[in-house]
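A quick write-up on the structure given underneath.
The values are calculated or read from the model by the stated rules, or taken from the named source; none is laboratory data. Please read all numbers here as calculations on a predicted model, not as lab measurements. A quick note on method: Cβ atoms are made from the backbone with ideal geometry, for glycine too, and the neighbour counts reach across all protein chains shown. Accessible surface areas use protein heavy atoms only, side chains included; no ligands, DNA or RNA. Shrake-Rupley method; radii C 1.70, N 1.55, O 1.52, S 1.80 Å.
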Amino acid sequence: MVTIDGSTKGRGRPKWTLAAVVQKDIGLLDIMEKMPSIELNRDDVFMNHSGFIIVFPTNFLSKHCNTKGVWSAQVSTRSTSASTQPITEELIEDNPKDLYTSGDSIRRRFLDFYALHGHKILPSASLVPEDPTVLLTIAGMLQFKPIFLGKVPRQVPRATTSQRCIRTNDIENVGRTSRHHTFFEMLGNFSFGDYFKKEAIKWAWELTISEFGLPAERLWISVYEDDDEAFSIWHDEASVPVERIKRMGEEDNFWTSGVTGPCGPCSEIYYDFHPERGVSETDLGDDSRFIEFYNLVFMQYNRTDDGSLEPLKQMNIDTGLGLERLARILQKVPNNYETDLIFPIIEKASELANVSYARADDSVKTNLKIIGDHMRAIVFLLSDGVVPSNIGRGYVVRRLIRRAVRIGRLAGITGDSRGNNEGAFLPTIAEKVIDMSTHIDSDVKSRAPRILEELKREELRFVQTLERGEKLLDQMLVEALSSAKENGTTPCLSGKDAFLLYDTYGFPVEITREVAGERGVSVDMHTFDIEMENQRRQSQAAHSAVKLEVGNDADLTASIPNTEFLGYDTLSIRAVVECLLVNGKSVLQVSKGNEVEVLLNRTPFYAESGGQIGDNGFLFIPEARNQEQAVVEIKDVKKSHGNIFVHTGTVKEGSIEVGGEVEAAVDARLRQRAKVHHTATHLLQAALKKVIGQEASQAGSLVAFDRLRFDFNFHRPLLDNELMEIEELINSWITDATLLQTKVMALTDAKNAGAIAMFGEKYGEEVRVVEVPGVSMELCGGTHVSNTSELRGFKIISEQGIASGIRRIEAVAGEAFIEYINARDSYMKQLCSTLKVKAEEVPTRVETLLEELRTARNEISAARAKAAVYKASIVANKAFPVGTSTTIRVLVECMDDMDADSLKSAAEYLMDELQDPAAVILGSCPGEGKVSLIAAFTPAVVGMGIQAGKFIGPIAKLCGGGGGGRPNFAQAGGRKPENLSSALEKARAELVSLFLE
């Protein structure tokens, strides 16, 4: 219980009661529900780090104070340990930002405001979206896309969220403008066919004016040029003067999801930092004066293929209020970075760089802002399971990490600030981000060990090559500038050089372009794109817009209810055919021999999800008076448009029609194999955490009939003894014959009980929990065995790395385990028969054979080297003198089919034989489609400025290859033996030309 006491106090101003701190996890709505008799104005509620602070005007006392001027009330809280803490008027006056304008307070007040207006507060979606068309979550509306499309029925008519988002399309502006970020929070309120323009505008204005207290005279409105309705609402009902409502064109105020699909006009609210500049000839795009902080999208049309607009059957509201932008306005700071949402991170970076942000020049401030921004994006991406790599989402986080490392070094940060100058500094800054993450994503702190370890590993890996790469880039830029000056051209870094930096030294091309741009050098991106086409294609999967489409399937699925899944309890039921699809189009009947997608009203078939593949089986239609017998073989089942099961198969006999009744039967043997492997996956995760540590977290899985695959975050390969311990542990749990427990409970209760969430899964308010008592407890909708003994045995097939920081284990259990063991036994018997030894003698016999093979190879190599030297001694007399003041012996010769190692031996012999100064070029064709080349120069030749490594490269290109090496010795290869003769002729001519100069 919390007691709230108050008494009057004031100094020549409206008097206020003292207030009490109420635990902030209660929420404002809870307070109001517990105090129904009190007319509580939202302007009387503040929030600081301790909780809600309630203050009452003195006129409240006349109604509620007792004769001593003291009022008391009791508020039931969720914690019995909460204590009363009086708050004085001075505290309220001296710390307005902490009490009322902090980022956490703004977020809470926004959500509470819309909750009071009937919106359900929903959690932020992951930064890794379910939508396959978008790489990362880039907008607050993304998680509601299926609802906007009409493909998934709405669960609530209106909702409100604080969505964490990532965008990198404006990364070059981060830190340089006052408002661009890679990571930001979008506060949003959404209507799914419920309210529309009038309510959206009314509440946005009320929120802005009454809740956040922004002065109306500083607010400007933009509307779409033809949207007279929105203009009228703003002017007539919100009383915004006509001169502060701007009509703008399609580019600014008409939201589209793509070439086709849902779209509509939008209206934006701008804050004016300089109202003294007047209202004539204003430009809302002037960042020095205005900032747009709230966007209301009126999703009312569908754009068809011909470009025309047709009204949507369900008109929606999609809004976004930038938390960082509003915090800047309310906290009265010059840019978003200096709000309490980001500035503590900047202060930590400043501390590590040993500089004062306040006294730093613009360049240093920009660098510190970039670090502050990027660190938020990095921490939340890592928390949501994104691992640094060279493709897709992994490339985004790797690019941000490497950019932060480079910027940090430019800002003067060295070491980890804990005495280790070679240590990683990003984890130290990340700790601050994690400390600030509670109200954004409560799961971040629990994932902190993994986040910090991954960040440290990635930073140190990059630092290892960063200095070498920086030196090489600097040399490349000097050469580019020098060449441009000599030729009178614009300096440009070649695409091949940029790719070399990316491929060999780990430089994201964006960093190369950034550094080059600072020196006035452009980068040949066309050639770069050619060099890394495959990586480039995958890294371009991110989009800066959310694509929606409204098609026939929206109308189709609107009439089809969700499929009732009964497969936990039965493998065979009677069901009704709701819909048939052939090549994506609805049909009434499908006959023998055709592929078909079948939608049933209910099903025992498990649809692919949670890593588990869909069931196989059959749909049977018994022979009847007006219906021939029919059989449909089902080979896959997936969910579509929410919870509609799509059974994919082939009509083997007869025909199937909409409205008919079928017997749906799952292949029991395959279902059992899937159940065994799914339960084994849970045991594997538990064993990994026990053997290698709790930081080993799931990064993906596959539960198939023939095997299981489990991906997890870990920084190194597992040792043989660790794999053995994992197997032994799981097999001991199988031997224990433990009964599994499955129950449905509230999500919060499941998490409080310690249940582990499956990676990438989205959960509702109620979840299914699968527990192996004493071993594992996970949120899981998959199918599982009843007793661990059904697994029979468990065996790891392989363990390997699949990406930076991601390991993969493949294993078998149950029937697949028996099959695997029998197959291995069969292979061993064949091997024993071939080697004519017992099974236990196979390793020794194989090692003996390998040693004999190594000896034979060495003997062959030695014989080839002798033959090469002999052949070299024969051609040595073909060397000819070149030069005027100094005579240089030159030998250019084709050595037929000599292999590369023998060619090297021949060149080394000739160097000794010809003595200094001498230059030798040898070539051969060791196999079909292969060319080998050697360039060997003595010290005197190298002293003339002629280097073997640079000389041999262009020669090798004539043979369709390349190569290089040291100044005195270089090797190269090619794929065009037919060009070897002309390539050697060119080498001879160039050497002669060089030595005659």
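What distance in nm lies between label points placed 7 Å from Cα along the C-beta direction at Lys471 and Thr490?
Distance between label points: 3.3 nm.
By how many nm would the segment from Ala737 to Gln800 lengthen if fully extended, with 0.36 nm per residue of separation less the alpha-carbon distance?
19.7 nm
Using a Förster radius of 41 Å, what is the FRET efficiency between Arg669 and Asn752 based on their Cβ-Cβ separation? Nearest 0.05, please.
Working: r = 38 Å, r/R0 = 0.94.
After rounding to 0.05, the efficiency reads 0.60.
First measure r as the distance between the Cβ atoms of Thr648 and Asn822, then evaluate 1/(1 + (r/R0)^6) with R0 = 41 Å and state the FRET efficiency to the nearest 0.05. Can you show the working numbers first?
Values: r = 32 Å, r/R0 = 0.78.
The value I calculate is 0.80.
How are the alpha carbon pair distances in the stretch 724-867 distributed across 10 Å bins from zero to the largest one, expressed in percent?
Over the stretch 724-867, the share of Cα pairs per 10 Å bin runs 9, 22, 25, 18, 11, 8, 5, 1 percent.
At 1.4 Å probe size, with no ligands or nucleic acids counted, give the accessible surface of Asp362 in Å², nearest ten.
Its heavy atoms expose roughly 120 Å² to the probe.
Sort largest first and round to whole Å: the equivalent ellipsoid semi-axes of the stretch 168-322, each the square root of five times a Cα gyration tensor eigenvalue.
On the way: eigenvalues 124, 81, 50 Å².
For the stretch 168-322, the semi-axes come out at 25, 20, 16 Å.
Just the number, please: carbon plus sulfur as a percent of the accessible area of the stretch 225-377, 1.4 Å probe, no ligands or DNA/RNA counted.
44 percent
Please give the peptides 187-195, 778-786, 572-580 ranked by average Cβ packing (other Cβ atoms within 10 Å per residue), highest first, as a rough proxy for protection. Can you show the working numbers first?
Details: 187-195: 23.4, 778-786: 20.6, 572-580: 18.2.
Descending packing order for the listed peptides: 187-195, 778-786, 572-580.
At 7 Å along Cα-to-Cβ for each site, give me the label-to-label distance between Tyr870 and Ala900 in nm.
The modelled label-to-label distance comes out at 2.6 nm.
Taking a threshold of 28 Å on the Cα-Cα distance, which of the pairs Lys456/Lys950; Lys202/Lys365; Lys456/Lys689 fall above it? Working shown, then result.
Details: Lys456/Lys950 38 Å; Lys202/Lys365 40 Å; Lys456/Lys689 21 Å.
Correct reply: Lys456/Lys950; Lys202/Lys365.
What list of ³J(HN,Hα) values in whole Hz, one per residue of the stretch 115-130 in order, does the Karplus curve 6.51 cos²θ - 1.76 cosθ + 1.60 (θ = phi - 60°) give from phi, with Gly and Pro shown as x?
Rounded to whole hertz, the list is 5, 5, 9, x, 8, 8, 6, 10, x, 5, 6, 5, 5, 9, x, 6.
May I have the pair-distance distribution P(r) for the stretch 640-686, computed from all Cα-Cα distances with 10 Å bins from 0 and rounded to whole percent?
For the stretch 640-686, the binned pair fractions read 17, 32, 33, 14, 4 percent.
Residues of the stretch 903-962: accessible area per residue at 1.4 Å, in Å²?
Accessible surface, normalised per residue, equals 39 Å².
Distance check, please: which entries in Lys145/Lys743; Lys151/Lys638; Lys120/Lys675 exceed 25 angstrom between their Cα atoms?
Lys145/Lys743; Lys120/Lys675
Computing the accessible area with a 1.4 Å probe over protein heavy atoms, can you report the carbon and sulfur percentage for the stretch 704-806?
Here carbon and sulfur together make up 49 percent of the probe-accessible area.
Quote the accessible area belonging to Met315 in square angstrom, nearest 10, computed with a 1.4 Å probe and with ligands, DNA and RNA left uncounted.
The accessible area of Met315 comes to roughly 80 Å².
Please turn the phi angles of the stretch 975-982 into ³J(HN,Hα) values with the Karplus equation 6.51 cos²θ - 1.76 cosθ + 1.60 (θ = phi - 60°), one per residue in order, whole Hz, x for glycine and proline.
For the stretch 975-982, the Karplus curve yields 10, 10, x, 5, 9, 4, 4, 5 Hz.
Taking amide H positions as placed in the peptide plane 1.01 Å from N, state which residues far from Ala757 in sequence (5 or more) or on other chains have amide H under 5 Å from it.
Leu779
How much net charge surrounds Glu578 when only the other residues with a Cβ under 12 Å from the Cβ of Glu578 are counted, with Lys and Arg +1 and Asp and Glu -1? Spell out each step's value before the answer.
Values: positive: Arg602; negative: Glu564, Glu597, Glu657, Glu661.
With Lys, Arg at +1 and Asp, Glu at -1, the net is -3.
Please list, in chain and number order, the residues 5+ apart from Asp736 or on another chain whose amide H is under 5 Å from its amide H, with Hs placed from the backbone.
So Asp736 has HN proximity to no qualifying residue.
When all protein chains stay in place, what accessible area (Å², nearest 10, 1.4 Å probe) is found for Lys866?
Near enough 150 Å² of accessible area.
Tell me the net charge near Phe618. Cut-off is 12 Å between Cβ atoms, Phe618 excluded, with +1 for each Lys or Arg and -1 for each Asp or Glu.
Taking every Cβ under 12 Å from that of Phe618, the sum is -3.
For the ranges 661-674, 729-742, what's the packing order if you count other beta-carbon atoms within 10 Å of each residue, average per peptide, and put the highest first?
So the peptides 661-674, 729-742, ranked by packing, come out 661-674, 729-742.
So, counting K/R as plus one and D/E as minus one, what does the shell of residues with Cβ under 12 Å around Lys976 add up to?
Charge balance near Lys976 sits at +1.
So if I average 1/r over every pair of distinct C-alpha atoms in the stretch 791-912 and take the inverse, what Kirkwood radius in Å does that give? Could the numbers behind the result be given before it?
Details: mean 1/r = 0.0490 Å⁻¹.
When all Cα pairs of the stretch 791-912 are included, the Kirkwood radius is 20.4 Å.
Per 10 Å bin, what is the whole-percent P(r) computed from every C-alpha pair distance within the stretch 839-983?
Here the calculated profile for the stretch 839-983 is 12, 36, 30, 12, 7, 3, 1, 0.
Which of the lysines could a cross-linker span from Lys957 if the Cα-Cα distance has to be under 18 Å and same-chain partners fewer than 8 positions apart are dropped?
Straight-distance partners of Lys957: Lys496, Lys930, Lys976, Lys986.
Under 18 Å Cα-Cα from Lys197, which lysines qualify once same-chain neighbours fewer than 8 residues away are excluded?
Lys246, Lys313
State the number of lysine pairs found in the stretch 838-910 whose Cα atoms come within less than 26 Å, restricting to pairs 8 or more positions apart or on distinct chains.
4
Can you work out the Karplus-derived ³J(HN,Hα) for every residue in the stretch 262-276? Use 6.51 cos²θ - 1.76 cosθ + 1.60 with θ = phi - 60°, whole Hz, and x for glycine or proline.
x, 7, x, x, 10, 9, 10, 10, 10, 9, 9, 7, 9, x, 5
Give the accessible surface of the stretch 617-746 per residue, rounded to a whole number of Å², with probe radius 1.4 Å and ligands, DNA and RNA excluded.
Details: 5660 Å² over 130 residues.
Value for the stretch 617-746: 44 Å² per residue.
If you roll a 1.4 Å probe over the heavy atoms of the protein chains, what accessible area per residue do you get for the stretch 123-200, in Å²?
Per-residue value: 34 Å².
With each label point set 7 Å from Cα along the Cα-Cβ vector, what nm distance links Phe196 and Lys950?
7.3 nm
Tell me, what is a quarter of the convex hull surface for the C-alpha atoms of the stretch 649-802, in nm² with one decimal?
One quarter of the hull surface, i.e. the mean projection, equals 11.9 nm².
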